[in-house]
Amino acid sequence: MLTESDQAGPPATTTFDSQVGFAVRRWCAPVLDLEPHASAEAYLARRDELGNDEVNGRFLQQSGIAHYLLETGFRGDQIHGVHGMATSSRARVDEVVRLEPLAEQLAASGVGAAEFPAAFAALLDERTRDAVGLKTIVAYRYGLDFDSAPPTHREIVDAAGRWLAEIGDGEPRVTDPVLLRALIWAGVERGLPLQFHVGYGDPDLDLQRCDPLRLTGFLKRVDSTGVPIMLLHTYPFHRNAGYLAQMFPNVYMDVGLGVNYTGARSRAVVAESLELAPFSKVLFSTDAWGMPELHYLGATLWRSGMVASLASFLEAGEWSAADAARVVRLIAHENAQRVYRLEETA
């Protein structure tokens, strides 16, 4: 789980020999009462000794994150849900709902093609009554170079008919570009902040089709709706995401996943996230999944990157201390509170 790859490395190698692996041994080892840079063997032995509940609690509670926005659409049956996450972290947790699993849930229920558009809208409304945002993984299922126009009702019904016929009794997985567009535009109509996975991720995406610049046509169409579009993670296209956040008033960005996996080089990624995007359009994120270390590490490395960047600005006389403190507050929590319409937390 120290890699986004779904395959084991070559024989006689370890994923600990990576930036994220070294960062875990440096920053996470002390949380488990080990010396910094403890060996991988000592780290894993101590982890086993403490047990999952203790390890989860330590990392989540010591991350300094007071409010988690949790998206549970990927292997949701294998990870903590909102309640479990709140129990382990002792923090507030709100849900972000992934669009594609809702369509797949409908397909498994036996819905007909003609009923699909209305049934999806009803299910989306039901599942998001207490949610603070939506997410699409069109980057994985097709790419960000999808047709930006919303499909017609007839196109959706026809695409649903083809899809339902193809899957039969098999496991539903929505990849049809018309249906993916339909889900996205249904999300826009729902009005909640809509997250897009952008850039680096699992090997089942085609990275060259995950550059956020490919969303430009869609962003122009959706601009008038006022719906916030959240470009998640964005590495190695974070500078492109910063450009889009500057050009479009409803576009926001983070560099979460890139921070964790670049380890000692994450300061450069954080610094580059402060180049073009207005500071009111950048959000802190970890994109942690599965391992509690990634929540702690994402927060720790982000703080380190911000301190390094802002200290250099202060030393050069480019920024005032008051401005630096205000930018930290914006990115750490105030932007999220505003965009996701969260009430103030302690």
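Take the residues in segment 275-293 that are of a type in the set (Asp, Glu) and in a loop (DSSP other than H, G, I, E, B), then tell me which one is nearest to LEU32 (Cα to Cα). So that I can check it myself, show each step before the final result.
Here is the first cut: in segment 275-293, the residues of a type in the set (Asp, Glu) are 275, 287, 293.
Now restrict to residues that are in a loop (DSSP other than H, G, I, E, B): 275, 287.
Values: GLU275: 36, ASP287: 22 Å.
Within segment 275-293, the match that is nearest to LEU32 (Cα to Cα) is ASP287.
Mind telling me which of the residues LEU99, LEU124 ends up being in contact with a Ser or Thr (Cβ under 7 Å, 6 or more places away or on another chain), open to solvent by less than 30 Å² (accessible area, probe 1.4 Å), under 26 Å from TYR340 (Cα atoms) and modelled with pLDDT of 95 or more? Explain how you work it out, then say what you get.
Working: LEU124 fails: in contact with a Ser or Thr (Cβ under 7 Å, 6 or more places away or on another chain).
Result of the check over LEU99, LEU124: LEU99.
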Exercise for review: For segment 140-154, state whether one or more residues are β-branched (Val, Ile, Thr), open to solvent by 10 Å² or more (accessible area, probe 1.4 Å) and part of a helix (DSSP H, G or I).
Suggested key: no
Point to revise | Index of the failed condition, LEU194 passing every other in (1) surrounded by fewer than 22 Cβ atoms within 10 Å (Cβ to Cβ); (2) in contact with a strand residue (DSSP E or B) (Cβ under 8 Å, 6 or more places away or on another chain); (3) closer than 19 Å to ALA121 by Cα | key: (1)
Review point. If you go through segment 39-59 one residue at a time, do you hit one that is touching a helix residue (DSSP H, G or I) at 6+ places or on another chain (Cβ under 6 Å) and part of a loop (DSSP other than H, G, I, E, B)?
Key: no
Check your understanding: Consider ILE65 against the criteria (1) without any contact (Cβ under 8 Å) to a residue 60 or more places away in the chain; (2) within 17 Å of LEU294 (Cα to Cα); (3) assigned to a loop (DSSP other than H, G, I, E, B): it satisfies all of them except one. Which criterion is unmet?
Key -> (1)
Review point. Does at least one position in segment 127-139 carry a residue that is under 28 Å from the mean Cα position of the chain (by Cα), farther than 28 Å from ASP202 by Cβ, without any contact (Cβ under 8 Å) to a residue 24 or more places away in the chain and surrounded by fewer than 16 Cβ atoms within 10 Å (Cβ to Cβ)?
Key: yes
Point to revise | Criterion (more than 27 Å from ASN240 (Cα to Cα), part of a loop (DSSP other than H, G, I, E, B) and basic (Lys, Arg)) met by exactly one of ARG162, ARG173 | key: ARG173
Study note, to complete from the structure: In the set LEU179, LEU207, the lone residue that is open to solvent by 60 Å² or more (accessible area, probe 1.4 Å) and either on the phi < 0 side of the Ramachandran plot or more than 17 Å from the chain's Cα centre (by Cα) (or both) is LEU207
Check your understanding: Of all residues in segment 62-72, which are surrounded by fewer than 16 Cβ atoms within 10 Å (Cβ to Cβ) and within 15 Å of GLY133 (Cβ to Cβ)?
Key -> none
Practice item. Could you tell me whether ALA139 is in contact with a strand residue (DSSP E or B) (Cβ under 6 Å, 6 or more places away or on another chain) and of a type in the set (A, V, I, L, M, F, W, C)? Key: yes
Study note, to complete from the structure: When every residue in segment 89-113 that is over 20 Å from the mean Cα position of the chain (by Cα) and of a type in the set (S, T, N, Q) is compared, the one nearest to ARG141 (Cα to Cα) is GLN105
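The values are calculated or read from the model by the stated rules, or taken from the named source; none is laboratory data. Not measured: the values here are computed from a predicted model. When we count neighbours, we look across all protein chains shown, and the Cβ atoms used for this are built from the backbone with ideal geometry, even at glycine. Surface accessibility is based on the protein's heavy atoms, side chains included, excluding ligands, DNA and RNA. Shrake-Rupley method; radii C 1.70, N 1.55, O 1.52, S 1.80 Å.
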